[in-house]
Amino acid sequence: MTSGGDASYRDGIDSPLRLRAIDSEDLDVVSALVQDSVFSSEDCVWDRRKREFAILLNRFRWEDRDGARSSSADCERVRSVLLVRDAMEVKSDVVAAKGADQVFSLLALRFSPGEDGTGKLDVLLAGDMVYSALVECLDVSLTDVTQPYRAPSGKVPSHG
C-alpha cells in the first residue's frame, strides 16, 4: 500500500491475481492480462449443468514486467483459470481445425452485448480461431492457481 492508503499497481505484483469482469471496462483489463496465454483444447471444459466454461491457461505475467515489451531472461508465466459463468452455450472451431494436441495462443477477449444483459463472449485465438460463449450476463474471472515459473522460452511474447 502507498502511504495515502490507496493501492498502487506495483503492490500486486507478487500476489496471485484474482480478478472479476462484469462489464466491458473490466473485461478490457482481464483481456490485457491473458494476452499471449497458451493452452490446449484439453485445458478447456464446459459444464452445461453449472453453465460454466473454464480454460486452464499458461499466462504470461504482464503485470510483472517493468518494460512490458522488452526482452529479459526472467520472464514468468503462471497457471491461471479463466472462468466464464452463466454460459448458456459454447461453440468453437478449435478442435476441428487443429486437434486436441495443438497449443493455442490467446489474443483477446471480446464481448458483444445482446438484449437484456445477454451477449456473446469471444475468446479470440491466433490463426483466426475462436471459442464463443453465449452468456446470460458478463461474468468472467481470472484466478492464478500456481506459483509463477520461468517462461520456457525465456522471451517476452513478440507482436512484430
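Give me a comma-separated list of calculated 3J(HN,Hα) values for the range 78-85, in order, Karplus coefficients 6.51, -1.76, 1.60 applied at θ = phi - 60°, integers in Hz, x for any Gly or Pro.
8, 7, 9, 9, 9, 10, 10, 9
Please list, or write none, the aspartates and glutamates whose alpha carbon is within less than 16 Å of the alpha carbon of K155, excluding same-chain residues fewer than 8 places away.
D36, E63, D64, D66, D74, E76
Can you tell me which of 146-154, 30-38, 53-61, 120-128 comes out highest on packing, and rank the rest after it, using the mean Cβ neighbours within 10 Å?
Most protected by this proxy first, the peptides run 53-61, 30-38, 120-128, 146-154.
Give a residue-ordered list of calculated ³J(HN,Hα) values for the range 135-152 (Karplus: 6.51 cos²θ - 1.76 cosθ + 1.60, θ = phi - 60°; whole Hz; x for Gly, Pro).
10, 6, 7, 7, 8, 10, 10, 10, 10, 6, 10, 9, 6, x, 9, 4, 4, x
Using a 1.4 Å probe over the heavy atoms of the protein chains, calculate the carbon and sulfur portion of the accessible area of the range 97-144 as a whole percent. Mind showing how you got there, number by number?
Numbers: 1120 of 2250 Å².
Solvent-exposed carbon and sulfur of the range 97-144 make up 50 percent of the total.
Amide H to amide H, which residues 5 or more places from D139 or on other chains are under 5 Å from it, using H placed in the peptide plane?
R85
Assuming 0.36 nm per residue, please report the length gained on full extension of the stretch V130 to R18 beyond their Cα-Cα distance. Can you show the working numbers first?
Values: separation 112, 0.36 × 112 = 40.32 nm, distance 2.42 nm.
Contour length minus Cα-Cα distance gives 37.9 nm.
Using θ = phi - 60° and the Karplus relation 6.51 cos²θ - 1.76 cosθ + 1.60, list the HN-Hα couplings for the range 101-108 in order, rounded to whole Hz, with x at every Gly or Pro.
8, 6, 9, 10, 10, 7, 9, 6
The values are calculated or read from the model by the stated rules, or taken from the named source; none is laboratory data. What you see is a predicted model; the values in this text were computed from it and never measured. So basically every Cβ, Gly included, is an ideal-geometry build from the backbone, and we count neighbours across all protein chains shown. When the accessible area is computed, the model is the full protein with side chains, heavy atoms only, and any ligands, DNA or RNA have been set aside. Shrake-Rupley method; radii C 1.70, N 1.55, O 1.52, S 1.80 Å.
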